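Trainee: After the structure tokens below, expect a handful of questions from me.
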């Protein structure tokens, strides 16, 4: 069951967000240096100092390492949740609301590591920097890891009778939006013909169906709504946050496209939040793999199951080669994971914060007040976030 109890609603805010930008190559830097750069930037943007930080929350590097790097005198809480980054925002918000700390630095350094990049695998320094590399890796006959999405992509095509062009429209939209984002790694134009002629990685997914590994980092300040109002930037309130999974939450055990973690997220966000898709100004469906995006669009209620591709065509801006729902709501205006790079959701959240603060530059949606982020896939990492400007 999904509880409607929600004492955290609008009591915690994201006060600011910053990024180093991302590159789909070896940056010549460590994860710690990238995370530190983004952290220093967001602390400064919010008008804070390192002495104000009493909580740390991130995946890589560890909280202990980043605290030492930044010289933060002391913290009263820290956490290292697993990706995607809605987990980190939700965990930090819960810690703030519980009184374990007041100002949390949330950070994430995406990195071209030996588990997600062939080039990094050949680099001895990157091999050392990849935890668990010596553990048994998924073999060719398992659905674990990325292979799972190829299987479920095939299932989506089979059940709904659609073609690869539906996946391709997700990829083209991402690349078109990334061209307007100076922080994005993949900014070259992409056409549908480019997509359909791209190398096939594993049927039915090609090179452009999968987000590229990148180097770069994002950072956020999470604090009480009251404290955020006194800081330098407009606060972005956390209306609802959900992490959802069902019993059959492994790639080869998932019951079907009709029942997985995304459904838990959607049902719970609608039960806990104060607004839904009819009221939002910008939408951020996860796009680590293109079929994830189609599933989120289906399940969020923009259309019936299997009609996401038709929905994208209906709302396609031919001149801009991107999606504008009802002519006004962009989908991943920063380029998403496919265009900006594999940020594991931090880029989606950062762009949402910047949109709601009016700080998105030429990508800015006029008077953006509400954002929906549906992050992660549909096995063990489906997540959702409702953000709004008070």
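The values are calculated or read from the model by the stated rules, or taken from the named source; none is laboratory data. Values in this document were obtained by computation on a predicted structure and should not be read as measured data. FYI the Cβ positions are ideal-geometry reconstructions off the backbone, even for glycines, and counts take in every protein chain you see.
Trainee: Sort out which residues of the stretch 41-66 are surrounded by fewer than 19 Cβ atoms within 10 Å (Cβ to Cβ), free of Cβ contacts under 8 Å to residues at least 60 places away in the same chain and within 19 Å of residue 346 (Cβ to Cβ), and write them in order of number.
Mentor: Within the stretch 41-66, 44, 62, 65 meet the criteria.
Trainee: Shifting gears a bit: Quick check on the stretch 337-362: of everything there that is in contact with a strand residue (DSSP E or B) (Cβ under 8 Å, 6 or more places away or on another chain) and either without any contact (Cβ under 8 Å) to a residue 40 or more places away in the chain or in a loop (DSSP other than H, G, I, E, B) (or both), which residue is surrounded by the most Cβ atoms within 10 Å (Cβ to Cβ)?
Mentor: Of everything passing the filter in the stretch 337-362, 340 is surrounded by the most Cβ atoms within 10 Å (Cβ to Cβ).
Trainee: Based on this model, can you work out whether residue 253 counts as in contact with a strand residue (DSSP E or B) (Cβ under 9 Å, 6 or more places away or on another chain), at pLDDT below 95 and surrounded by fewer than 20 Cβ atoms within 10 Å (Cβ to Cβ)?
Mentor: Here the answer is no, as residue 253 does not meet what is asked.
Trainee: Please specify each residue of the stretch 256-287 satisfying the condition of being at pLDDT 95 or above and touching a helix residue (DSSP H, G or I) at 6+ places or on another chain (Cβ under 8 Å).
Mentor: 262, 263, 266, 276, 277, 281, 282, 283, 284, 285, 286, 287, listed by residue number.
Trainee: Quick one: what pairs do we get from the stretch 164-181, first residue free of Cβ contacts under 8 Å to residues at least 60 places away in the same chain, second surrounded by fewer than 24 Cβ atoms within 10 Å (Cβ to Cβ) and in a helix (DSSP H, G or I), C-beta under 7 Å, 6+ apart or different chains?
Mentor: Final answer for the pair search is 164/196.
Trainee: May I ask you to verify whether residue 251 is free of Cβ contacts under 8 Å to residues at least 12 places away in the same chain and over 25 Å from residue 330 (Cα atoms)?
Mentor: No: the conditions fail for residue 251.
Trainee: Then there is this: Of the numbered conditions (1) over 17 Å from the mean Cα position of the chain (by Cα); (2) modelled with pLDDT under 95; (3) within 22 Å of residue 216 (Cα to Cα), residue 36 fails exactly one; give the number of that condition.
Mentor: (2)
Trainee: Considering the stretch 313-336 alone, what residues qualify as being over 18 Å from residue 192 (Cα atoms) and either free of Cβ contacts under 8 Å to residues at least 60 places away in the same chain or not in a loop (DSSP other than H, G, I, E, B) (or both)?
Mentor: 325, 326, 327, 328, 329, 330
Trainee: Let me ask another. Of the residues 4, 20, which single one is more than 23 Å from residue 232 (Cα to Cα) and touching a helix residue (DSSP H, G or I) at 6+ places or on another chain (Cβ under 6 Å)?
Mentor: 4
Trainee: Can I ask one more? With the requirement that a residue be surrounded by 16 or more Cβ atoms within 10 Å (Cβ to Cβ), closer than 16 Å to residue 174 by Cβ and in contact (Cβ under 8 Å) with a residue 24 or more places away in the chain, what does the stretch 188-203 give you?
Mentor: Within the stretch 188-203, just 195 meets the criteria.
Trainee: So for the stretch 68-83 (the condition being closer than 30 Å to residue 25 by Cβ, touching a helix residue (DSSP H, G or I) at 6+ places or on another chain (Cβ under 8 Å) and buried (at least 23 other Cβ atoms within 10 Å of the Cβ)), does at least one residue qualify?
Mentor: no
Trainee: Considering (1) surrounded by fewer than 18 Cβ atoms within 10 Å (Cβ to Cβ); (2) under 18 Å from residue 295 (Cα atoms); (3) modelled with pLDDT of 95 or more, say which one residue 168 fails and leave the rest.
Mentor: For residue 168, the exception is condition (1).
Trainee: Okay, moving on. Right, residue 90: part of a strand (DSSP E or B), within 15 Å of residue 345 (Cα to Cα), touching a strand residue (DSSP E or B) at 6+ places or on another chain (Cβ under 6 Å) and modelled with pLDDT of 95 or more or not?
Mentor: Spelling it out, it is not the case that residue 90 is part of a strand (DSSP E or B), within 15 Å of residue 345 (Cα to Cα), touching a strand residue (DSSP E or B) at 6+ places or on another chain (Cβ under 6 Å) and modelled with pLDDT of 95 or more.
Trainee: From the list 367, 287, 298, exactly one residue is in contact (Cβ under 8 Å) with a residue 24 or more places away in the chain, crowded, with 19+ Cβ neighbours inside 10 Å and not in a strand (DSSP E or B). Which is it?
Mentor: The match here is 287.
Trainee: For the structure I just gave you, tell me whether residue 328 is more than 28 Å from residue 24 (Cβ to Cβ) and either modelled with pLDDT of 95 or more or surrounded by fewer than 24 Cβ atoms within 10 Å (Cβ to Cβ) (or both).
Mentor: Yes: the conditions hold for residue 328.
Trainee: Further, regarding this structure: Which residue out of 96, 104, 86 is within 16 Å of residue 43 (Cα to Cα), crowded, with 19+ Cβ neighbours inside 10 Å and in contact (Cβ under 8 Å) with a residue 60 or more places away in the chain?
Mentor: Answer to the selection: 104.
Trainee: Looking only at the stretch 219-248, which residues are touching a residue at least 40 places away in the same chain (Cβ under 8 Å), part of a loop (DSSP other than H, G, I, E, B) and either within 24 Å of residue 301 (Cα to Cα) or in contact with a helix residue (DSSP H, G or I) (Cβ under 8 Å, 6 or more places away or on another chain) (or both)?
Mentor: Within the stretch 219-248, 232, 233, 234, 235, 245 qualify.
Trainee: Among the residues of the stretch 265-282, write down those that are part of a helix (DSSP H, G or I), over 18 Å from the mean Cα position of the chain (by Cα) and crowded, with 21+ Cβ neighbours inside 10 Å.
Mentor: Of everything in the stretch 265-282, just one residue is part of a helix (DSSP H, G or I), over 18 Å from the mean Cα position of the chain (by Cα) and crowded, with 21+ Cβ neighbours inside 10 Å, namely 268.
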